[in-house]
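For reference, the structure discussed in these notes is given below.
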Amino acid sequence: MKSLRLCPVIVTLVPLAGCMVGPKYQKPSVPVVPAFKEPPPDSFKEKTSHSDTAALRGKWWEIFGDSQLNTLEEQVTVSNQNLKMAEARFRQARTMVRFNRASEFPTIGVGPNIESLRYSPNQPYFPSNVGTSARSGFTLPFDLSYEVDLWGRIRRTVTAAGEEAQATAADLETAALSLHAELAVDYFELRSADAQQRLLDQTVDQYADMVKLTTNLLDGGAVPESDVIQARTQLDTARVQDTDIAVMRSQYEHAIAILIGKPPAEFTLAAVPLNLEPPVIPVGVPSQLLERRPDIAASERRVGEANEGIGIARAAYFPSLVLSATGGLEGNSIVNLFAWPSRFWAVGPTMLETIFDGGRRKATSEGALANYDATVANYRQTTLVAFQEVEDNLAALRILEHEAGQQKEAVAEAKRGVEIFTNRYQLGADPYLQVVSAETIELQNERNQVDILRRRMDASVLLIKALGGGWDVSKLPQVSSMR
């Protein structure tokens, strides 16, 4: 009868489970401008249609048209250990959604017990009529416990776990984008070193020919010995530069090996000089970055998680309702354990409320608010940095494209200068020092031309990375799919 009197109380309290204390989440505002400050290079044709923006979706590295790069990038996806670690972190976060959602259901336990007990006649306060009696019993109890989510604490905990899982999924995409971009940059750096190596190899051969020429002229008495010394010095200097390039190339080759999950000893790339041109990259408008950048999405999801934390902290101020039930079978022998009279049960709600905690709940609530403010600031800062990265690389590509045209003219003039001064030297019109100066200027300009191309390729990769690599927020897993 007592349990029947409790039913109206339970029926009255359970509808309160629809209540939610704490603020409703609203996505924070961020400063957004209608267009980027830096215009794209002249070679870019502005792309605004959906079909154009699709050029960066999926395997964005294929836009460079290098089959070797494509092969290496595929190996990053499969074998990179940092990427595997990020993927494992996502799976771990996804399991926390199911872990917290389990609190939405009752917990049921069973504890079978067989007991044989003999009372000591010498124990304190032992009743005289008991004597040395003994008893035994068999018990098969079932316990049920269920917390009614009156104030939304459990629901907010599940939601917060889901938002953390989404943020971790975005972290995985950020890691993948960064690692693929790092490999592309290292690859172009290595190919640039190959181009520098080829240039210096050709220069060493050219300078060696000049040593032969000056030596022959010296033997014929046409030039002083100082010309031969200058030619040999120039040759030795070029050989040193040629040898030094191998250090940089080896380091980039080792870095690529690690990115694709291989020991450097098991990986070798044949030398192929860099001969690509930067691709045309669809840029879009600044507001699209909020949907395209996985790091921005991760920051925004953690703002939502922090907002749930405020509600969880506020729910601690309100009483909690726990429904408990115990039932089972109890007998003094295995024979009558399952008899109908051996049954027992108890059921009832428990209301728990903390009256005094020394300010613990207040401190927790204030900490949740501070954490929310921190995540909002981090979200806005991440967005600002994203804008900066796009602006930086747009400016770099535009300026370097103009610089490349200037450098091309400078190389052509330097080659013409070497030709003129070499002819004049052979005719005795100019000293050999003029030839050395002209050849030095030519080498500097040719090396600078290779370096400008390298910087343009690197800036192209970094611009793609700054734009999100074709990712968008719709690819985040839904919380419902992780339950």
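The values are calculated or read from the model by the stated rules, or taken from the named source; none is laboratory data. Fair warning: this is a prediction, and the values are worked out from it, not measured in the lab. Neighbour counts are summed over all protein chains in view; Cβ atoms, including those assigned to glycine, are modelled from backbone coordinates with ideal geometry. These accessible areas exclude ligands, DNA and RNA; they are computed on the full protein's heavy atoms, side chains included. Shrake-Rupley method; radii C 1.70, N 1.55, O 1.52, S 1.80 Å.
Here's the list of aspartates and glutamates a cross-link from Lys59 could span, going by alpha-carbon distance under 20 Å and ignoring same-chain residues fewer than 8 apart: Glu73, Glu74, Glu87, Asp171, Glu173, Glu182, Asp186, Glu277, Glu291, Asp295, Asp458, Asp472. Over all distinct Cα-Cα pairs of region 224-360, the Kirkwood formula returns a hydrodynamic radius of 26.0 Å. In this simple spin-label model, placing a label point 7 Å from the Cα along the Cα-to-Cβ direction at both Glu419 and Ser29 gives a separation of 6.4 nm. Heavy-atom accessible surface of Phe105, to the nearest 10 Å², is about 100 Å², with a 1.4 Å probe and all protein chains retained.
Give me the mean projected area, in nm² to one decimal, of the convex hull enclosing the Cα positions of region 374-442.
With the hull built on Cα positions only, its mean projection is 6.4 nm².
From the P(r) of region 66-106, could you give the percentage of C-alpha pairs in the tail past 13 Å?
Tail of the P(r) past 13 Å holds 65 percent of the pairs.
Per-residue 3J(HN,Hα) values for region 452-466, derived from phi via the Karplus relation 6.51 cos²θ - 1.76 cosθ + 1.60 with θ = phi - 60°, read 5, 4, 4, 5, 5, 5, 4, 5, 5, 4, 5, 5, 4, 4, 5 Hz in sequence order (x marks Gly and Pro).
Residues His180, His402, ordered by accessible area of protein heavy atoms at a 1.4 angstrom probe radius and largest first, appear as His402, His180.
The candidate values were [x] 29.8; [y] 24.3; [z] 26.4; the one computed from these coordinates for Kirkwood radius over Cα pairs in Å carries the label [x].
In sequence order, region 415-423 has phi-based couplings of 5, 5, x, 4, 4, 5, 5, 5, 5 Hz under the Karplus curve 6.51 cos²θ - 1.76 cosθ + 1.60, θ = phi - 60°, and Gly or Pro positions carry x. For region 363-437, a crude dipole built from +1 on the beta carbon of Lys and Arg and -1 on the beta carbon of Asp and Glu, taken about the Cα centre, is about 380 debye to the nearest 20.
First check a/c for region 181-251, with a ≥ b ≥ c the square roots of the eigenvalues of its C-alpha gyration tensor; if it is under 1.5, answer rounded, and if not, answer prolate when a/b is larger than b/c or oblate otherwise. Prolate is the answer for region 181-251, as a/c is 1.5 or above and a/b outweighs b/c.
Projecting the Cα positions of Val418, Tyr372, Val247 onto the charge dipole of the chain (unit charges on Cβ atoms of Lys, Arg, Asp and Glu, taken about the Cα centre) puts Tyr372 furthest along the positive direction. Among Val33, Val436, the order of accessible area from largest down is Val33, Val436, computed with a 1.4 Å probe on protein heavy atoms. Kindly give Rg over Rh for region 131-218, based on alpha-carbon atoms, with the Kirkwood expression for the hydrodynamic radius. The Rg/Rh ratio comes out at 1.75. In square angstrom, what is the accessible area per residue of the chain with a 1.4 angstrom probe? Normalised by residue count, the accessible surface of the chain is 54 Å².
In order along region 399-410, the phi-based Karplus estimate (6.51 cos²θ - 1.76 cosθ + 1.60, θ = phi - 60°) of 3J(HN,Hα) comes to 5, 5, 5, 5, 5, 4, x, 5, 5, 4, 5, 5 Hz; Gly and Pro are listed as x.
Below 8 Å, C-alpha to C-alpha, sequence gap of six or more: please give me the relative contact order for the chain in percent.
That works out to 27 percent.
Please work out whether region 263-330 counts as rounded, prolate or oblate from its C-alpha gyration tensor, where a ≥ b ≥ c are the square roots of the eigenvalues and a/c under 1.5 means rounded, while otherwise a/b larger than b/c means prolate and anything else oblate? Note, shape of region 263-330 comes out oblate. The simple spin-label model puts a point 7 Å past each Cα toward its Cβ; for Leu433 and Asp201 those points are separated by 3.5 nm. Between Ala184, Thr168, Ser145, the Cα set farthest toward the positive side of the dipole of region 136-197 (charges on each charged residue's Cβ, about the Cα centre) is that of Ser145.
Once you treat every alpha carbon in region 147-298 as an equal point and sum by Debye, what is log10 I(q)/I(0) at q = 0.10, 0.15, 0.18 Å⁻¹? For region 147-298 at q = 0.10, 0.15, 0.18 Å⁻¹, log10 I(q)/I(0) is -0.66, -0.95, -1.09. The Cα atoms of region 399-483 define a convex hull whose projected area, averaged across directions, is 7.8 nm².
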